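Data block below; observations after.
The values are calculated or read from the model by the stated rules, or taken from the named source; none is laboratory data. Please read these numbers as outputs of a predicted model, since none were measured by experiment. Counting neighbours? That spans all protein chains shown, and the Cβs are built from the backbone with ideal geometry, glycine included. With ligands, DNA and RNA removed, areas are computed over all heavy atoms of the protein, side chains included. Shrake-Rupley method; radii C 1.70, N 1.55, O 1.52, S 1.80 Å.
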Amino acid sequence: MNITRSAAAIGAAVALAGATAAIAGCGSSTPSSGASGVPAKLIVWRMGSPVASQETWMKGVVSQFHKKFPQFKNTKVVVDWIPWGNRTQDWTNALTSGKGGPDITELGNTDTPGWASQGALANVTSDVRAWSDGSQLIPGNLANDTLNGVTYAVPWFGGVRGIWYNKDQFAKAGITAAPTTWAELVSDAKALMKAYPGTYGLGAPSDYTNAIVSFIWGAGGQVAVQQGGKWVAQLNTPASEAGIKFYADLLLKYHVSPSKYIGETELGTVGATSGGSDEDFALGKLDMYIDGPWAESSLEAVSKKNMAQWASFPIPSEHGPNPAPAFAGGSDLGIWAKSPYKTADWDLITVMDSPSNATTFANSQGFFPEFTSKLSSGVYTSSPILSGFAKAAGYTQISPLNSKNWATADATDNIIPDMMKALMQGANFTATVNKANTELQNVLNTGSET
Amino acid sequence: MADTISGHAVAQAGRALGPGRAGRKSPLTWTGEFVRRHRLAPYLLLTPALAGIALVLLWPLLQVALYSFQNYGLGQVTGVLPTQWVGLSNFTATFKDPEFWLSLRNTVLFAVVAVPATLIVGTVVGLLLNRLGRKMAFFVSTSAILAWATPPVAGSVLFYWLFNPDGGLVDWTLSKMPHWLVGSTNWAGYNWTTNGALQAYTVIAVLVVWQSFPFIGVAVLAGLKTIPAELYEAARVDGASPWRVFWRITFPLMKPIFLVLFLLSVIWDFNMFTQAYLITGELGNQNEYNLPLYIYDKAFTFPPSYGLGGALALIFAVILLVVTAGYVRTSVRQGALT
């Protein structure tokens, strides 16, 4: 009797908990009247793992915040570090339960449109308009955070991918200048493999959309374009096909990339903690490696043996001389829709993202600030690692990677990674690209492949 | 038997609690008699448990069924998008998706290989354990139980490293072997896990068989202990071969056990998620999805679609029912389950 009674009690309790969670989940997302109240603490979600230099930087930001906004001088700012791989789950949990969410969150710039459309972010249009530093933001990047005329976040820092190499290896292989065409890229990769037997020339993982798009754009192609309010996928235009074919041929025809990268991201198998093209480059088993300047700290963590020789150049376009457009990556800052303290949230954002704070922050970790005035300064051209990326930063594109349904196309349906993987495994080129093209167009327009 | 006893007990309890005066039927006594006459006691005793199950299992199940006819997703949870009834479109979208059929194929082919392999290895080990001496039986069963007790995550990580292209033991061993034995593939750096469904499921099948045969072995051993030794003695006197003894005595007598083990294995292998998720790179390779991975991807990858996920869960449940129901039905007819 005791057992059944407690079982029924547990059942009732579980059901009650479920019901309350469901009710909480259905709660309104509009801010309460306390939007301008003084919070005891503000929770900021940062992506990645804590780094000492960034924590010092944040301390400085908080003391500026307390000085500049004395009404919040007793407000504690708590930074929670969310590993990049967990962000979707953590945002979803916070949204569906209505509890445990942040007040301010960092977002990858491709995340912002999707999450804004799901009601996760607060409308900051009027705040941005009234913000004096806001006018200096790179306009294209602010547009990325704007959906149907409503702004949901502000750009914080940016980054582009380029190609990492070793200066001493280039010298030994007789390469005097960084390649600026695909033909040079392949011949240099082969020269490096000849000079360093047992290594591979240039890593081409198949699950690497953000690099593959540079080759599509570098041949003059497009992933998809908007025509009359609808997305038209363009993967099977001759120019796009040339880019896709070249990337697959790095493995299939030129043999400068190993077959073990099939199905892998640039960091190896998803979820694995080691064994990818990043590690191979740091260990000297891969001669050229595609990634952004942010990779430096993780490459160093693998091996510091070659780090004095590391340098970068932009991803070449098919025929040169200008680089291929690079995907304009980066992070934004947004206000969580359920945060009750939106005034304080916005005030803290203006300090975190002031031109000087944002620049110090970006520089400390190999990114670029999002302010036009700061980007044109000479500090970036003098560093061997940053100079290549700084050059690439002058040629960027983001569409359609910022479209509302891109997360479905790339993360749920893996359209470009699946296509590249099939091609690298020897599937029929035309049929595979056409299939991906149809799926992409469907997803971009309707959110569903079929 | 059981119900008469408990009915009696309830009636007696009613009498003990009631006013207990002769000649007058208290409501409690009346209830006790009603319960006894209609043999309701077992159902009454089951009610609290059933209510609990209904709350924690049936209610969510109903909820899933409702979602499967809606466009329910994150925007509907937050309230920025309206929840709409979409009829059967979650189901038709699924049946039109080639990746659904690919996942179904991977799931079925995996079960076709892994279920018999698990049952055969497990049965052989069970038969072996039955004949081994005490010390050896202890050693073998301990080793097997350790494989069984290894958490699926730990087992998957272990196999991921064994088959890793960067210095994994399997690739290293194969690369040291002569070409005439293992073919001329470049084994050092061979990618087992993300380069195709066949390679990945080869690894997963070995892993799953390794982790699930001990249960079969132990269950078969327990079954063997119930078979009277006289039957085997008689067979030995008649000079029957071990093969014949197994098919004529062991198998027919243990058919109900084998049936249960078969059904459990089918259900487990259809539901296999952890190993596939970890070995194939956490949803990174769509051509290596099985149905559980496909459902997880559609339901929970951003932007989540709980409606589509609900439809998939129902489809998956029906598939499992179909796969197992046919076998159960024929077996019940043969009398194996009675």
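Things worth noting here:
- Protein heavy-atom surface of the protein assembly as shown, 1.4 angstrom probe: 64% of the accessible area is carbon and sulfur, with nucleic acids and ligands not counted.
- Cut-off under 5 Å, modelled amide H: who pairs with A:I82 long-range: A:R46, A:M47, A:G48
- Local charge for A:F367 was computed over the other residues whose Cβ lies under 14 Å away, with Lys and Arg +1 and Asp and Glu -1, and equals -3.
- For A:I290, the residues whose modelled amide H falls within less than 5 Å of its own, excluding neighbours fewer than 5 places apart on the same chain, are A:W164, A:G203.
- Label point 7 Å beyond Cα of A:N123 along Cβ direction - residues of segment A:87-112 with amide nitrogen under 20 Å: A:104-105, A:112
- Bridging of B:K176 to aspartates and glutamates at a Cα separation below 19 Å is possible for B:D166, once same-chain residues fewer than 8 apart are set aside.
- Angle in degrees between helix A:429-446 and the longest Cα principal axis of chain A, rounded to the nearest 10: 20
- Antiparallel DSSP beta bridges within the protein assembly as shown, percent to nearest 5: 70
- Modelled spin-label separation between A:A431 and A:A195, with each label point placed 7 Å from Cα along the Cα-to-Cβ direction: 4.3 nm.
- Rounded, prolate or oblate (a/c below 1.5 giving rounded, otherwise prolate when a/b exceeds b/c) for chain B by Cα gyration tensor: oblate
- Along chain A, the exposed loop sites are trypsin sites (Lys or Arg not before Pro) outside DSSP states H, G, I, E and B with at most 15 other Cβ atoms within 10 Å, and the longest stretch free of them is A:100-252.
- Per-pair calculated FRET efficiency, R0 = 60 Å: A:L252 and B:V332 via Cβ, rounded to 0.05: 0.60
- Most mobile of B:T185, B:T29, B:T94 in a GNM of chain B (Cα contacts under 10 Å): B:T29
- For segment A:98-106, 3J(HN,Hα) per residue [Karplus equation, 6.51 cos²θ - 1.76 cosθ + 1.60, θ = phi - 60°, Hz, x = Gly/Pro]: x, 10, x, x, x, 8, 10, 10, 7
- Set of lysines with alpha-carbon distance to B:K225 below 20 Å, sequence-local pairs under 8 removed: B:K135, B:K255
- Once the chain from A:T181 to A:Q71 is taken as fully extended at 0.36 nm per residue, the excess over their C-alpha distance is 33.9 nm.
- Take the accessible area of chain B alone and of chain A alone, subtract that of the pair, and you get about 3600 Å² summed over both chains, using a 1.4 Å probe.
- Span-like helix ranges in chain B, DSSP H, alpha carbon extent 18 angstrom or more, Kyte mean at least 0.0: B:2-17, B:41-53, B:98-131, B:134-149, B:197-225, B:255-270, B:306-334
- Distances between placed amide hydrogens fall under 5 Å for B:Q70 paired with B:V86, all partners being 5 or more residues away or on another chain.
- Karplus-derived HN-Hα couplings along segment A:258-263 (A = 6.51, B = -1.76, C = 1.60, θ = phi - 60°), whole Hz, x at Gly and Pro: x, 6, 5, 7, 5, x
- Simple spin-label estimate for A:A52 and B:A317 in nanometres, 7 Å along Cα-Cβ: 5.5
- Among the listed pairs A:K59/B:K298; A:K260/A:K305; A:K285/B:K298; A:K76/B:K298; A:K172/A:K260, those beyond 29 Å (Cα-Cα): A:K59/B:K298; A:K285/B:K298; A:K76/B:K298
- Treating r as the C-beta distance of B:L81 and A:K230 and R0 as 22 Å, the FRET efficiency rounds to 0.65.
- Length gained on full extension, B:W101 to B:E33: 18.7 nm, using 0.36 nm per residue less the C-alpha separation.
- 0 to 90° range, to nearest 10: angle between helix A:209-218 axis and chain A longest Cα axis: 50
- Average Cα contact separation per residue, segment B:89-334, under 8 Å, 6 or more apart, as relative contact order %: 30
- The protein assembly as shown, helix-only ellipticity at 222 nm - DSSP H runs n ≥ 4, -39,500 (n - 2.57), divided by all residues, nearest 500: -17000 deg cm²/dmol
- Nearest 10 degrees, 0 to 90: helix A:355-364 Cα axis against chain A principal axis: 50
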